[in-house]
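Peer 1: Have a look at this one before I ask anything.
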Amino acid sequence: MNLLTIILPVWVRWLTLISAAAVFGTIVYNKGRQVEGEKHIAYLAEQSARTLKIAKAQQMVVTQTQIKYVDRIKTIIGKGETIEKQVPIYITQADNARFAVNAGFVRLYDAAWSGDDPGPAADSDREPARISLAQVAAVDASNATTCRAWRELALGLREYYAHLQAATNATKQF
C-alpha cells in the first residue's frame, strides 16, 4: 500500500480534490465578474461624459436664446410704451369730441378679445360708450405691444426647443 492511502482515506482525498476545483473555479469566476464589472464602470463613465456634453450644449442654447429674445422683447415693450405716450399727440381732445365711440364698438371689441359671441345687435349699441377715442387708441397700442411680445416669446420657444433638440442629438452621436 501506498503511504498516501494509509495516511489519508479515499474520501479525504476526494474532498481535497473537489475543494481545490471549487477554489480554482471561484477564482476564474471572480476574474470574469471583475472583467464585466470593469466593462460596466467604463460604460457608466462613457454615459456620464455624454451626459455632461449634452448638459453643456443645452446650457449654451439656453444662454444664447435668452440673450437674443430678452433683448427683442425689451425693444418691443419700449417701442410700445413710446407709441402709447404719443396717443395725445395724434388724438387730441377735439378728435375725442368729434368722434364718438359707441357701445356696440366696445361690445364687439371686448368679444373679440375674450372670444365670446357678442350676441345680437341692439338699439343700445348706438349710444355713446363714455370711452374716448384716445382711450381706445391707448388700449389698442398696449394690446398690440403685448401681442407682439408674446409672438416673440412663442418664436423664441420654438427656436429654443429646436436648438435644444439639435444639441442633444448631436452629442448623442459621439
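The values are calculated or read from the model by the stated rules, or taken from the named source; none is laboratory data. Predicted, not measured: the structure shown is a model, and the values here were computed from it. Ideal geometry is used to build each Cβ from the backbone, glycine not excepted, and the neighbour counts take in all protein chains shown. Heavy atoms of the whole protein, side chains included, go into the accessibility calculation; ligands, DNA and RNA do not. Shrake-Rupley method; radii C 1.70, N 1.55, O 1.52, S 1.80 Å.
Peer 1: With the full set of protein chains in place, find how many percent of the accessible area of the chain is carbon and sulfur; take the probe as 1.4 Å.
Peer 2: The nonpolar share, carbon plus sulfur, comes to 64 percent.
Peer 1: How much accessible surface area, in Å² rounded to 10, belongs to the heavy atoms of residue 124 with a 1.4 Å probe?
Peer 2: Surface open to solvent at residue 124 totals about 60 Å².
Peer 1: With the cut-off at 1.5 for a/c, could you classify segment 83-174 from its C-alpha gyration tensor as rounded, prolate or oblate?
Peer 2: Since a/c reaches 1.5 but b/c is at least a/b, the shape of segment 83-174 is classed as oblate.
Peer 1: Enter the accessible area per residue of the chain (Å², integer; probe 1.4 Å; all protein chains in place).
Peer 2: 77
Peer 1: If you don't mind, there's one more thing I want to ask. Decide, for segment 31-73, between rounded, prolate and oblate: order the square roots of the alpha carbon gyration tensor eigenvalues as a ≥ b ≥ c, take rounded if a/c falls under 1.5, and otherwise choose prolate if a/b is larger than b/c, else oblate.
Peer 2: On the way: a/c = 11.45, a/b = 9.62, b/c = 1.19.
Judged from the Cα gyration tensor, segment 31-73 comes out prolate (a/c at least 1.5, a/b above b/c).
Peer 1: Would you kindly calculate the translational diffusion coefficient of the chain, applying Stokes-Einstein with the Kirkwood radius from alpha carbon pairs, for 37 °C and a viscosity of 0.692 mPa s, and quote it in µm² s⁻¹ without decimals?
Peer 2: Working: Rh = 24.5 Å.
Translational D for this selection: 134 µm²/s.
Peer 1: Between residue 43 and residue 146, what is the label-to-label distance in nm when each label sits 7 Å out along the Cα-to-Cβ direction?
Peer 2: In this crude label model, residue 43 to residue 146 measures out at 5.4 nm.
Peer 1: Could you compute how much accessible surface residue 79 exposes when probed at 1.4 Å, giving the result in Å² to the nearest 10?
Peer 2: 120
Peer 1: Taking square-rooted eigenvalues a ≥ b ≥ c of the alpha carbon gyration tensor, is segment 79-123 rounded, prolate or oblate, where a/c under 1.5 means rounded and, failing that, a/b exceeding b/c means prolate?
Peer 2: Verdict is oblate for segment 79-123.
Peer 1: With a 1.4 Å probe and every protein chain left in place, tell me how much accessible area residue 89 has, in Å² to the nearest 10.
Peer 2: Answer for residue 89: close to 120 Å² accessible.
Peer 1: By how many nm would the segment from residue 20 to residue 165 lengthen if fully extended, with 0.36 nm per residue of separation less the alpha-carbon distance?
Peer 2: Extra length available between residue 20 and residue 165 comes to 46.4 nm.
Peer 1: So which chymotrypsin sites (Phe, Trp or Tyr not before Pro) in segment 77-144 pass both tests, a DSSP loop state and at most 15 other Cβ atoms within 10 Å of the Cβ? Could the numbers behind the result be given before it?
Peer 2: Working: sites: 90, 99, 105, 109, 113; in loops: 99.
Those that pass, being in a loop and sparsely packed, are 99.
Peer 1: Now a separate question. Determine the dipole magnitude for the chain: charges of +1 sit on the beta-carbon of Lys and Arg, -1 on that of Asp and Glu, nothing else is charged, the reference point is the Cα centre, and the result goes in debye to the nearest 20.
Peer 2: Values: 20 positive and 16 negative charges, 249 e Å.
Computed charge dipole of the chain: roughly 1200 debye.
Peer 1: Enter the Cα centre distance for the pair segment 37-111 and segment 137-171, rounded to the nearest angstrom.
Peer 2: The distance from the Cα centre of segment 37-111 to that of segment 137-171 comes to 5 Å.
Peer 1: List the trypsin sites (Lys or Arg not before Pro) within segment 96-174 that fall in a DSSP loop (any state other than H, G, I, E or B) and whose Cβ has at most 11 other Cβ atoms within 10 Å.
Peer 2: 130
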